[in-house]
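Reviewing the structure listed below.
The values are calculated or read from the model by the stated rules, or taken from the named source; none is laboratory data. Since we're looking at a predicted model, the values are computed, not measured. When we count neighbours, we look across all protein chains shown, and the Cβ atoms used for this are built from the backbone with ideal geometry, even at glycine. We work out accessible area using only protein heavy atoms, side chains counted, and drop any ligands, DNA or RNA first. Shrake-Rupley method; radii C 1.70, N 1.55, O 1.52, S 1.80 Å.
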Amino acid sequence: MPADDRPYDIGIIGGGAGGVLTALHALRLARTAVRIVLFEPAPTLARGVAYATTRAEHLLNVPVRRMSAFDAAPDDFLDYVAATSPADGPDRDALAHRYAERRRYGDYLMTRLRQARDASAASLEIRRQQVTALQVADGRYRLTTEDGQTLVCAGVVLAVGNRPRPLPARGASGLAATARLEAWDFDAIAEIPADADVCIVGSGLSMVDAVLTMARNGHRGRVHVLSRHALLPLAHTAYAVAEFDVEALLPLDLRGRIRFLRRAAAEASSRQLPWQAVMERLRPHGQALWQSLTPADQRRFLRHAVRLWDVHRHRIAPSVQACLAAMRGRGQLRLHRGRLDTAMPVGPRIRLSLRMRDGRSQQLDVDRIINATGVEMRVQTMRNPLLSDLLGRGHAQPGTHGIGLKTAHDGSLVDADGNPQPGLIAIGSLRIGCLWESIAVPELRGQAEAAARQLLALQER
């Protein structure tokens with residue numbers, strides 16, 4: 001197909017939360033008739049993986065007061081929730097500490113996007129297409145879409161979001177589609193028969209979503225959860241921040257930091273503070289903590305400590321933890337520490353072979369298996385044609401330890417020769433190897449605003 005010869009000032013690839021946040025900030029910050037185009041093949045924006053659910057039981061993992069789309073307006077999401085809640089509901093202060101339904105966050109972002117679009121000097125065009133290739137031409141970026149059309153952008157933001165890891169089991173591809181489910185396929189999870197025996201592979205936040213939906217549906221069957229460490233996400237408590245010098249952690253190696261944090265948690269306990277107060281003190285410093293580790297200690301962290309970090313860092317609402325605890329208490333939810341080896345159909349059921357942590361083999365017969373192994377972090381295995389094209393053309397290289405893409409401090413992609421590319425910016429999960437903390441809303445909104453400012457500044461030169 002012929003190229004669209006009208007250049008755009010900003011191209012945003014991906015219409016999940018990160019892409020919509022970028023468009024929102026660009027529209028609010030633009031002072032001239034900047035042309036913005038956003039590519040998203042899905043029928044709805046601002047959903048992605050995290051906010052695609054329409055299920056009422058899926059809650060945000062952070063209280064309302066900490067989910068604003070704007071650093072400069074920290075109460076903006078609270079304002080939205082208060083304005084769209086029933087008049088006879090909880091007061092504003094109570095709402096601030098609530099864990100809202102996750103579907104409301106996508107609604108919030110779309111409301112703010114529409115408002116910004118109506119008030120902006122800039123224009124925003126939505127293209128329901130996937131970008132499959134990118135070339136650099138005369139300091140601009142030529143994008144090719146899945147239907148063969150090409151168009152030119154002065155600057156590009158990559159906000160491609162997350163993809164699930166494949167189910168790690170021999171024979172899994174031979175299972176019927178109705179028996180092998182993805183944790184993010186919320187409709188399919190809701191269709192699981194109430195008396196089915198289920199195995200969920202992975203014990204993180206996507207596992208929690210699946211269990212909550214089954215519980216909401218009155219599930220009676222057994223739910224087996226299998227993971228290497230058999231650690232469930234931990235709960236939030238009332239907000240508190242421990243007092244200690246985070247800078248003192250930076251010169252320490254990984255072992256020294258773990259010892260330091262254990263002492264800090266003990267000290268917090270002696271002052272009647274929960275261990276969560278230690279994590280709140282660390283929260284703004286996650287990127288500095290990651291980047292100050294040696295490469296060898298980063299690898300040790302990824303091999304040995306990442307799951308322990310995750311369950312303490314990525315916490316869940318107290319009501320959600322109570323649901324999990326009740327299911328465990330009556331023996332319905334069962335944890336298994338090991339790995340999935342094979343998954344084979346046996347009549348109408350699935351026979352799973354497990355390799356337990358102590359070396360034993362175990363067999364489980366279930367009716368459904370759910371893949372909740374989390375997001376794929378290695379860009380070479382994300383099965384994304386655009387990312388494969390960027391790597392193949394040398395416009396990008398894998399990030400630290402092969403995770404995500406390598407970026408400069410401002411998010412610019414670093415090419416195969418080690419050169420940052422001004423105007424080609426990654427946000428969100430693509431920066432996780434370089435930053436580690438890169439997918440939560442505080443980081444995402446900051447990166448989105450910085451990318452918008454950076455690309456708008458290019459138009460002013």
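Which one of Arg55, Arg47 is crowded, with 21+ Cβ neighbours inside 10 Å and assigned to a loop (DSSP other than H, G, I, E, B)?
Exactly one residue qualifies, and that residue is Arg47.
Tell me, yes or no, whether the range 402-412 has at least one residue that is within 14 Å of the chain's Cα centre (by Cα), of a type in the set (Gly, Ala, Ser) and under 27 Å from Arg283 (Cβ atoms).
Yes: the range 402-412 contains one or more residues that are within 14 Å of the chain's Cα centre (by Cα), of a type in the set (Gly, Ala, Ser) and under 27 Å from Arg283 (Cβ atoms).
Taking strands (runs of 3 or more DSSP E) that fall entirely within the range 327-418, which contain at least 1 residues that are free of Cβ contacts under 8 Å to residues at least 40 places away in the same chain and assigned by the TED database to the domain that holds Pro193?
Where strands (runs of 3 or more DSSP E) fall fully within the range 327-418 and carry at least 1 residues being free of Cβ contacts under 8 Å to residues at least 40 places away in the same chain and assigned by the TED database to the domain that holds Pro193, they are 333-346, 349-356, 361-366.
Can you pull out the helices (runs of 4 or more DSSP H) entirely within the range 239-312 that have at least 3 residues that are under 23 Å from the mean Cα position of the chain (by Cα) and of a type outside the set (S, T, N, Q)?
Answer list for the range 239-312: 276-282, 286-291.
List pairs: first residue in the range 20-42 and open to solvent by 40 Å² or more (accessible area, probe 1.4 Å), second residue in a strand (DSSP E or B) anywhere in the structure, Cβ distance under 7 angstrom, at least six positions apart or on different chains.
Every condition considered, the pairs that remain are Ala33/Ser123; Arg35/Tyr8; Arg35/Asp9; Arg35/Ser123.
So Leu232 ticks every box in (1) farther than 30 Å from Pro193 by Cα; (2) open to solvent by less than 70 Å² (accessible area, probe 1.4 Å) but one. Which box is left unticked?
(1)
Could you list, in sequence order, all residues of the range 83-98 that are of a type in the set (A, V, I, L, M, F, W, C) and open to solvent by less than 100 Å² (accessible area, probe 1.4 Å)?
Ala83, Ala94, Leu95, Ala96
Could you tell me which residue of the range 431-446 is surrounded by the fewest Cβ atoms within 10 Å (Cβ to Cβ), considering only residues that are of a type outside the set (Lys, Arg) and touching a helix residue (DSSP H, G or I) at 6+ places or on another chain (Cβ under 7 Å)?
Among those that are of a type outside the set (Lys, Arg) and touching a helix residue (DSSP H, G or I) at 6+ places or on another chain (Cβ under 7 Å), it is Glu437.
Residues that are touching a strand residue (DSSP E or B) at 6+ places or on another chain (Cβ under 7 Å): find the helices (runs of 4 or more DSSP H) completely inside the range 67-172 holding 1 or more of those.
So the answer is 103-119.
Looking at the range 62-81, can you tell me whether even one residue there is surrounded by fewer than 18 Cβ atoms within 10 Å (Cβ to Cβ), acidic (Asp, Glu), more than 27 Å from Ala122 (Cα to Cα) and without any contact (Cβ under 8 Å) to a residue 60 or more places away in the chain?
Checked the range 62-81: no residue is surrounded by fewer than 18 Cβ atoms within 10 Å (Cβ to Cβ), acidic (Asp, Glu), more than 27 Å from Ala122 (Cα to Cα) and without any contact (Cβ under 8 Å) to a residue 60 or more places away in the chain.
Which one of Arg281, Arg257, Arg263, Arg299 is outside the structural domain of Cys323 (by the TED database), open to solvent by less than 40 Å² (accessible area, probe 1.4 Å) and either farther than 30 Å from Leu333 by Cα or at pLDDT below 95 (or both)?
Arg257
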